[in-house]
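The values are calculated or read from the model by the stated rules, or taken from the named source; none is laboratory data. For clarity, every value in this text was computed on a predicted model and none was experimentally measured. Don't worry about glycine lacking a Cβ; one is built from the backbone with ideal geometry, like all the others, and counts go over all protein chains shown. For accessibility, only protein heavy atoms count, side chains too; no ligands or nucleic acids. Shrake-Rupley method; radii C 1.70, N 1.55, O 1.52, S 1.80 Å.
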Amino acid sequence: MTDEAVSSWRFDIHKCILKNCERVVSLVCTKVTEDWGPLLELLALVFNPSNKFHVYNSSRTTEETAANGEAEGEKKVEAGVWALSVDTRQPRGWLVDLLNAFGASGGFQLVHDRITAGNNLTVPLISALVRPFGFCYELLALNTVKQYFLPVIEAVPKFLENLTDEELKKESKNESKNDSISSIIKSLKNLLGLVPGREEDVKTLEMFRLKMLLRQLQISSFSGKMSALNEVNKVISGVIYTPQRQTVTVSNQNNEEEDWLTADRMAAWIKENKVIKIVLRDNLHQPQYVEKLEKMIRFVIKEKSLSLSDLDDIWAAQDGKHEAIVKNVHDLLAKLAWDFSPEQLDHLFECFQDSWRGAVARQRERLLELIRRLAEDDKDGVMADKVLKLFWTLAHSSDASTDIMDQALAAHVKILDYSCTQYREQQKSRWLDKCVEELKTNDKWVLPALKQIKEICSLYQEQPANGMHGGQRTATVVYRSEVINRLQQSHALVIQIADNLTTYMASIKEAGEHVAKQDPNDFSPDGRYSHTAQVSERLNFLRFLLRDGQLWLCAPQAKQIWHCLAEDAIFSSDREICFKWFSKLMGDEPDLDPEINRDFFESNLLKLDPALLTEAGMKCFERFFKAVNCKEGKLTMKRRATLMDDLELIGLDYIWKVVLCSSDTVSS
C-alpha cells in the first residue's frame, strides 16, 4: 500500500489488495481484545488516507453507491452508517467501505469498550487503538464519533493525567520512536473537531497536550526529553507556518480550532511554565539536544518573549561546567545573538564581564573566543562595535594576566581585520586614535597601546617599491605609510614616543639608587612588563614608525634618546639597547636624517666616555664613522672595501682614546 509502483498496477491487482484489506479489518475485529500491537499497526496503515494505495484510488466511489445508485447510498447515510464520503471529487469510496466493514463487524464498539473499560491500559496500546481513526477522521460519520469516540476522548486524558512520574518516565523511554502521547492527543483532537460546539474541549485538549509535554520535559530521561522537545518544536512549527489555514473543505469552526493555539499563546505558555529553565537543567553536553533547544529559544526571541532572566539562565547553564557544555552553550549563544534586541545584547555583554572577573585563564580564553565569534560577518558594524569595546574593556582589567590581555587585543585586531562593514577604514582610524589617547593619558598602558597601534597599522598593505602600478591606483586602497603619516601629522607620534621614553627613564631614576642594583630583566615597574621590555618595546615601535612610515628621526629626538639611554643610563643594558638600536637606524636604508649625521656623531658619540663602549657600541661607532666620512668625501665605498681619500678623518682621535681606555675586547 506504500509502494511507489502502485500507479502501474492493473485494476484487478488493486481489487485483490482491497479484498485483503477487508480480511485485515475482519481479523482486527476478531483479535482487538487481545491487544496485539502489530495487527493494530497494520490497521493504521489500512485506514491511512495518505498512503499510496488510497491516494491512487481516492476518486473511486463506495461499492454501495456503485451498486445501488446515489439515492440509496444517501438513505444508507440516514440509516446511520459509520463512515461516508465528504468530497464528491475525491470520495475515497474504497476507504469508506473498509471503515463501514469495520463498523459492521463491531470494531468501533470493541475499540470503545476496550479503552473505556480501563483494564490493563498502556500508552502504546491506547495510541495503537486511537491512531488509525486520527488518520481517517474526516470520513467518519458524526454519529460514529459521538457514540464511540466522545467517551474515549473523555476517558483517555484522565488515564494519562493519572500516570505516575515513574510510569510516565517509563513510557518516555520509547517515546522517541513513536511519540505515543502526542499522537494520541492529536488523534483525539482531530476526532473532537468534527463535533459542533466542542471548540472549548478542543482547546482543553491542546493545552492538555502541552501539559503532558511539560511533565515529560521535567522528569524524562535524555531520549524522553529529546522526544518532548521535538514535539514542542513541532507545535511551534505549526503556529509559525500554518497560522491561517483556510480551504474549501474546512469549516469556519475548524478554522477557529486550528487558529486557537497561536504563536503568542505558545510563547506565553513557554514563559509561564519556565520551559527554558527546565530544558537547561541537563543534557547540554549533547549537541543534538542543544540544537533542538535552539529552535525553541529562537521562536521565543522572535515573539519578543525572551526575558533577561531567561538570558541569565542560559548563561548560568554553562558557568563552571564541563568543557563540552561550555562549548555547546557558547555555540548556541553565538547563533542566537544576531536575533537579540539591543537590551538583550547589552545584558549578555554584562554577563560576559561578570564572568570575566572570577574566571580562570582557560575560562577567559573560551570567553574571548565566544565574544570574537559574535562580531563575525557583521555587515552594519553594530555588533562589531560592541565587541570591540568589550575587548578593550576586558584588556584593561587590572586582574587580567598579560597573556589574557594579549589574547583580548589580538582578538580586537582580528575583528578590525575581518570587519565587513562599509565603514571599516573609519573604524580602524577611530581605534588608532583611541590607542594614541591611551598613550597620552595612561602610563600603565603604554606598551599595550604601542603594540595595538603597530598591529592595526600592519593591517594596511605596504606601498609598492616602484610607486603606483603602471601609474594606476585603486581609490579605496590605503597604504600603511599614509596611515602612519596621518598619525604623525595629527599626534606628532615620534615626538610623543621620545618624550614618553624620557619620562619613563626619569621616573625610574627618581625611584632611588636601589633600583640600579636589580636585574633589569626581572625588575617590573608596572608589575606587568620588565624594564628591558619597557625600553626595547618603545624603541622597536619608534623604528617601526620610521621604517614603515618612511619618516626621518630628527635631531632633537635622536639626541633625547641618546642622552637618556647612553649617557644617563640606569642599567648597562639600557646603553647596550641604545647602541644596537642606533646601529639599526644606520643600516643600508638609514632612518636617521642624513643631514644631522655629522652633528649627532660629533656632539654625542664622540663625547661619550670611551670606557663605556661595548662591542655593540663599537659597531654603532663604526656605522656613524663610515657614514659621516663618506658624506664628507673622506672615505669611498667600493663594493666590499672602504677606500680612504683623506687622512684627516672625523672621529679618528676618538678611536685612539677607545684603544687606550676600553676593555681588551673592544680595543682589539
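Does the range 178-191 contain any residue that is buried (at least 19 other Cβ atoms within 10 Å of the Cβ) and assigned to a loop (DSSP other than H, G, I, E, B)? The answer is no, given that none of the residues of the range 178-191 is buried (at least 19 other Cβ atoms within 10 Å of the Cβ) and assigned to a loop (DSSP other than H, G, I, E, B). Within the range 569-600, the residues that satisfy the criterion of being of a type in the set (Asp, Glu) and open to solvent by 60 Å² or more (accessible area, probe 1.4 Å) are Asp588, Glu589, Glu595, Asp599. Does the range 615-636 contain any residue that is free of Cβ contacts under 8 Å to residues at least 24 places away in the same chain and of a type in the set (A, V, I, L, M)? Yes; the residues of the range 615-636 include at least one that is free of Cβ contacts under 8 Å to residues at least 24 places away in the same chain and of a type in the set (A, V, I, L, M).
A quick yes/no check of all residues on (1) at pLDDT 95 or above; (2) open to solvent by less than 20 Å² (accessible area, probe 1.4 Å); (3) part of a helix (DSSP H, G or I); (4) small (Gly, Ala, Ser):
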residue	(1), (2), (3), (4)
Ser7	no, no, yes, yes
Cys16	yes, no, yes, no
Cys21	yes, yes, yes, no
Val24	yes, no, yes, no
Leu27	yes, no, yes, no
Pro38	no, no, yes, no
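Among the residues of the range 640-652, those that are more than 60 Å from the chain's Cα centre (by Cα) and without any contact (Cβ under 8 Å) to a residue 40 or more places away in the chain comprise Ala641, Thr642, Leu643, Met644, Asp645, Asp646, Leu647, Glu648, Leu649, Leu652.
Which residue is least open to solvent (accessible area, probe 1.4 Å), if the candidates are limited to the range 320-345 and must be more than 17 Å from the chain's Cα centre (by Cα) and more than 27 Å from Thr262 (Cβ to Cβ)? Residue satisfying both the conditions and the ranking: Gly320. Restricting attention to the range 401-456 and to residues that are open to solvent by 80 Å² or more (accessible area, probe 1.4 Å), hydroxyl-bearing (Ser, Thr, Tyr) and in a helix (DSSP H, G or I), the residue that is nearest to Arg538 (Cα to Cα) turns out to be Thr441. Output the residue which, of all residues in the range 528-552 that are in contact with a Lys or Arg (Cβ under 9 Å, 6 or more places away or on another chain) and not in a helix (DSSP H, G or I), is surrounded by the most Cβ atoms within 10 Å (Cβ to Cβ). Among them, the one singled out is Gly549.
Only helices (runs of 4 or more DSSP H) whose full extent lies in the range 259-344 are considered here, and the ones with at least 2 residues that are among the hydrophobic types (A, V, I, L, M, F, W, C) and under 20 Å from Lys211 (Cβ atoms) are 263-272, 275-279, 287-302. All conditions but one from (1) open to solvent by 50 Å² or more (accessible area, probe 1.4 Å); (2) closer than 16 Å to Trp562 by Cβ; (3) in contact with a strand residue (DSSP E or B) (Cβ under 6 Å, 6 or more places away or on another chain) apply to Thr642; the one that does not is (2).
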